[in-house]
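These notes are about the structure you will find just below.
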Amino acid sequence: MTIDRVHAAREIAAETGVDLMVLTPGSDLRYLVGYNAHPLERLTALAVPARGEAFLVVPRLEAPMVAASPAGSLGLDVLAWDETDDPFAMLAGAATARLGRAPGRVAVGARSWAEHALGVQCAVAGSELGLASPVIDRLRMVKSAAEVEELAVAGAAIDRVHAHMGEWLRVGRTEAEVGADIAAAILDEGHVSVDFVIVGSGPNGASPHHELSDRTIEAGDVVVVDLGGGIPTGYRSDCTRTYTVGGPPSADVAEWYAVLQAAQSASVAAVRPGVTAEAIDEAARTVIADAGWGEHFIHRTGHGIGLDTHEAPYIVAGNDIPLVPGMAFSVEPGIYLAGRCGARIEDIVVCTEDGVRVLNEGPRELVELPG
Ligand code: ZN
Ligand code: ZN
C-alpha cells in the first residue's frame, strides 16, 4: 500500500471542484488506504481535502487498529477522538485549516451511512453535499495488474466450486440444502466471505435474484446457480452457470439456451478498448432480441467488480463510457420464462490492451448433472 491512490484522488477532486472528500468504512476506504474497518456508529473517516495532506479521524479506542493496518504506514495524520468529543467538528476544523477556508463542496462515499454524511455537512456551515463516486470510481474502475490477479484468484476459486456442483445439486434435495453445501465449499476454496448463493431451480430460476428456498429439486429441472464471495484481499467473485438435473429438460430449452450462449459469447467477444459499455450490452441484447426472446432478458448485461461485487462501470444502455484496459466487469445475459424456468451465463472479464481476458472457465453449455 502506498499513498499514491490518495494523492490521485486528491488530484481528481481538485480538478472537478470538490473541496473535501470524506470516506467512511467500506470499500472506498479500503481501496484508498488499506484500512478494512467495521462500519459502526462512531465516526471513522478518511478526509481528503483538495489541498494539503489527507488525514484520518478515528475513535481513540480504534486507533491501534488503524496503526496495525496498511493505513498505519502511510504517514497520514490520525486524529483520535474521545467519547465526549465532536468528531465532525474535529474533521471540519482540520480540513478548513488545510484548505485555508471552509470547504464549499463536500463529497461522501456513495455507501456512507446517512448519519455520517449529514454529520459532516452540518459541521461545515453552508456546505453542499454530493457523492465522491465520480472521483473515486475513476480510479477504482481501472484495475492495476495486481488487482486483476486478485480477481483471477477469486474467479478460479469460484470455478472450482462450480466444478463440484454434481456432488450437491441432486434430485430430491432442497435449494437450501444444496446452498448450504455450496456456501461451505466457497469458504473451503479460499474465500473469507460468502456474499450470495443463488440456486434458482425450476420456476425459481425465472427470478434473477432468487436466493434459496425449500423447493425440492425435481428431475428435468433447469437450475440457475450464481455464486460469489470475497477473498482475503477483499476482491470479489461472481459466476453463474446453468444446470439440468436428473434427465433432459423440455425440448425447447436447448433452442433458447443456444441463443443465450451465443449472446454471451458475442458480448464477451466485443470487449476491447474504446468500445462503450452500452455497446457490450447491445452485443448480447441484439442476439437475444433477434431470436425473439428480447422481452425475457430483463436486466442489464453486467456490472463492474472489484472490492465490491457491483461497482462501476455498469454494462447497460445509456452508459457511453469507453472501455479502457484494466476495466473488469461481468457479462451475464439471461433469459427468464416466468412460471417455468430461467437461465443465465456469467463470466468476469477484463478489458486488455488488445481485447479481453476472461477470468472464469468451465463449461458455458447447459451442464447436465446425473441427479
Ligand atoms: Zn452473479
Ligand atoms: Zn453479477
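The values are calculated or read from the model by the stated rules, or taken from the named source; none is laboratory data. Since we're looking at a predicted model, the values are computed, not measured. Please note: Cβ atoms are built from the backbone with ideal geometry, for glycine as well, and neighbour counts cover all protein chains shown.
Some points to look at:
- Residues that are more than 16 Å from ligand 2 (Cβ to nearest atom), of a type in the set (G, A, S) and within 19 Å of E150 (Cβ to Cβ), drawn from the range 301-346: G326
- For the range 246-268, residues that are within 16 Å of ligand 2 (Cβ to nearest atom) and hydroxyl-bearing (S, T, Y) total 1.
- When the range 197-245 is limited to residues that are of a type in the set (S, T, N, Q) and within 18 Å of G306 (Cβ to Cβ), the one that is farthest from ligand 2 (Cβ to nearest atom) turns out to be T233.
- For the range 102-118, filtering for residues that are of a type outside the set (A, V, I, L, M, F, W, C) and over 18 Å from T16 (Cβ atoms) leaves 4.
- The listed residue being touching a Lys or Arg at 6+ places or on another chain (Cβ under 8 Å), more than 30 Å from G355 (Cα to Cα) and not charged (D, E, K, R), out of T216, T240: T216
- P232 falls short on exactly one of the conditions (1) within 14 Å of ligand 1 (Cβ to nearest atom); (2) touching a residue at least 40 places away in the same chain (Cβ under 8 Å); (3) assigned to a loop (DSSP other than H, G, I, E, B), and that condition is (1).
- Among the residues of the range 238-262, those identified as at negative phi, in contact (Cβ under 8 Å) with a residue 40 or more places away in the chain and more than 16 Å from ligand 1 (Cβ to nearest atom) are T244, V245, P248, P249, V253, A254, W256, Y257, V259, Q261.
Residue-wise test of (1) surrounded by 24 or more Cβ atoms within 10 Å (Cβ to Cβ); (2) on the phi > 0 side of the Ramachandran plot.
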| residue | (1), (2) |
| --- | --- |
| A269 | no, no |
| P273 | no, no |
| A284 | yes, no |
| I298 | no, no |
| G326 | no, yes |
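- With respect to the stated conditions, E177 fails to be farther than 19 Å from R364 by Cβ and in a loop (DSSP other than H, G, I, E, B).
- Options R344, R340; residue that is within 13 Å of ligand 1 (Cβ to nearest atom), modelled with pLDDT of 95 or more and charged (D, E, K, R): R344
- Checklist (1) surrounded by fewer than 20 Cβ atoms within 10 Å (Cβ to Cβ); (2) over 17 Å from P363 (Cα atoms) applied to I280, failing item: (1)
- Listed by position, the strands (runs of 3 or more DSSP E) enclosed by the range 299-371 that each have at least 1 residues that are hydroxyl-bearing (S, T, Y) and under 19 Å from R285 (Cα atoms) are 311-315, 328-331, 334-337.
- Residues located in the range 262-303, provided they are out of contact with any Asp or Glu (no Cβ under 8 Å at 6 or more places or on another chain) and among the polar types (S, T, N, Q): S265, T286
- Of all positions in the range 41-57, none carries a residue that is farther than 16 Å from L91 by Cβ, surrounded by fewer than 23 Cβ atoms within 10 Å (Cβ to Cβ) and either at pLDDT below 95 or out of contact with any Gly (no Cβ under 6 Å at 6 or more places or on another chain) (or both).
Yes or no, residue by residue, for (1) away from ligand 1 (no atom under 15 Å from the Cβ); (2) surrounded by fewer than 19 Cβ atoms within 10 Å (Cβ to Cβ); (3) not assigned by TED's automatic domain parsing to the domain that holds H296:
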| residue | (1), (2), (3) |
| --- | --- |
| A163 | yes, yes, no |
| E167 | yes, yes, no |
| T174 | yes, yes, no |
| V178 | yes, no, no |
| D195 | no, yes, no |
| G205 | no, no, no |
| H210 | no, no, no |
| D214 | yes, yes, no |
| D226 | no, no, no |
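- Every residue from the range 73-102 that is more than 30 Å from the chain's Cα centre (by Cα), more than 16 Å from A45 (Cα to Cα) and touching a residue at least 60 places away in the same chain (Cβ under 8 Å): L99
- For the range 240-294, the tally of residues that are within 23 Å of the chain's Cα centre (by Cα) and in a strand (DSSP E or B) stands at 4.
- When residues of the range 183-196 are limited to those that are within 16 Å of ligand 2 (Cβ to nearest atom) and aliphatic (A, V, I, L, M), the one farthest from H296 (Cα to Cα): I186
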